[in-house]
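First the structure, in the form of structure tokens, and then the observations on it.
The values are calculated or read from the model by the stated rules, or taken from the named source; none is laboratory data. All of these numbers come straight from a predicted model, not from anything done at the bench. As a convention, Cβ positions derive from the backbone with ideal geometry for all residues, glycine included, and neighbour counts pool all protein chains shown. Surface accessibility is based on the protein's heavy atoms, side chains included, excluding ligands, DNA and RNA. Shrake-Rupley method; radii C 1.70, N 1.55, O 1.52, S 1.80 Å.
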Amino acid sequence: MKPTITAFANSPDRGRGLARDMRVRWALEEVGQPYDVRLVSFDAMKTPEHLALHPFGQIPTYEEGDLALFETGSVVFHIAERHKGLLPDDADARARAVTWMFAALSTMEPPILDREIAVLVERDKSWSGERLPLVDGRIRNRLGQLSTRLGTSDWLDGAFSAGDLMMVHVLRRLSSSRMLEDYPNLAAYVARGEARPAFKRAFAAQLAVFTAAASGR
Ligand code: GTB
């Protein structure tokens with residue numbers, strides 16, 4: 001059954017593929033599963049209809065027949081479990097790929113989100129000048145550790161997996177900070193993910209939404 005996901009009708013990322021529907025689009029493209037998109041406004045995300053799908057009033061959601069999911073970790077894992085291509089067949093390798101999904105979401109993403117809040121929301125606070133370097137230090141610590149683990153490998157554990165998909169998308173959120181430039185193997189890792197045909201298709205699809213919204217259609 002063809003799933004339907006939700007995405008921003010007017011994404012604040014201006015089509016840069018940073019909103020989290022991009023992860024789900026990319027996963028669906030990797031496994032060759034066509035999908036529909038229902039675009040929602042910020043107001044629509046807070047209606048009872050949307051809250052029934054997503055208790056936190058956010059995007060993306062994922063509907064497939066009677067199944068409704070939220071949280072990109074869960075959605076990408078579901079897609080990876082139901083289709084070939086995003087998780088290895090070997091049980092141990094599969095568990096390690098899932099571990100990298102969790103690492104992306106639980107260890108790498110939180111300090112990166114903290115930085116976005118520090119830059120976008122807390123910039124005017126009197127303590128902002130002291131907080132940002134602390135947040136940046138936490139990110140650099142994680143980037144250094146991840147860089148050491150990745151080393152000269154193409155992907156985190158053998159072949160490209162849902163763990164890489166999630167990690168690359170999380171790291172992309174640092175693009176405006178230029179922090180990745182200090183970790184050439186991580187910058188190359190992100191570029192490798194972005195070069196995948198499935199990524200390019202997903203990126204083009206979300207950009208088309210932004211372009212159409214911007215041109216007033
Ligand atoms: N943990 C959830 C998941 O992984 O699915 C988080 C979902 C989430 O944060 N969704 C955001 C949302 O719906 C959109 S992606 N926000 C609206 C709200 O909470 O009311 C976050 C996002 C937004 C904007 C940019 N940007 O402009 O660059 C990037 C990412």
What's the number of the condition Phe77 fails, among (1) touching a Lys or Arg at 6+ places or on another chain (Cβ under 9 Å); (2) in contact (Cβ under 8 Å) with a residue 12 or more places away in the chain; (3) not small (Gly, Ala, Ser)?
-> (1)
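So for the range 63-82 (the condition being away from the ligand (no atom under 11 Å from the Cβ), closer than 22 Å to Ser11 by Cα and open to solvent by 20 Å² or more (accessible area, probe 1.4 Å)), does at least one residue qualify?
Initial filter on the range 63-82 (away from the ligand (no atom under 11 Å from the Cβ)): 63-68, 77-82.
Among the residues that remain, those that are also closer than 22 Å to Ser11 by Cα are: 63.
In the following step, the residues that additionally are open to solvent by 20 Å² or more (accessible area, probe 1.4 Å) were identified as 63.
Among the residues of the range 63-82, at least one is away from the ligand (no atom under 11 Å from the Cβ), closer than 22 Å to Ser11 by Cα and open to solvent by 20 Å² or more (accessible area, probe 1.4 Å), which makes the answer yes.
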Out of curiosity, is Pro88 surrounded by 12 or more Cβ atoms within 10 Å (Cβ to Cβ) and without any contact (Cβ under 8 Å) to a residue 12 or more places away in the chain?
-> no
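Quick grid of which residues meet (1) more than 11 Å from the ligand (Cβ to nearest atom); (2) under 25 Å from Met101 (Cβ atoms):
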| site | (1), (2) |
| --- | --- |
| Ala19 | no, yes |
| Trp26 | yes, yes |
| Thr47 | yes, no |
| Thr61 | no, yes |
Log entry, pairs with first residue in the range 50-70 being farther than 20 Å from Ala19 by Cα, second being away from the ligand (no atom under 11 Å from the Cβ) and modelled with pLDDT under 95, beta carbons closer than 6 Å, six or more apart or on different chains, reads Glu64/Met1; Gly65/Met1
Of all residues making up the range 148-172, the number that are outside any helix (DSSP H, G or I) and in contact with an Asp or Glu (Cβ under 7 Å, 6 or more places away or on another chain) | 2
Any idea which of (1) on the phi < 0 side of the Ramachandran plot; (2) within 9 Å of the ligand (Cβ to nearest atom); (3) open to solvent by 50 Å² or more (accessible area, probe 1.4 Å); (4) modelled with pLDDT of 95 or more is the one Ala52 doesn't satisfy?
-> (2)
Among (1) surrounded by fewer than 20 Cβ atoms within 10 Å (Cβ to Cβ); (2) among the basic types (Lys, Arg); (3) within 11 Å of the ligand (Cβ to nearest atom), the one test that Arg38 misses | (3)
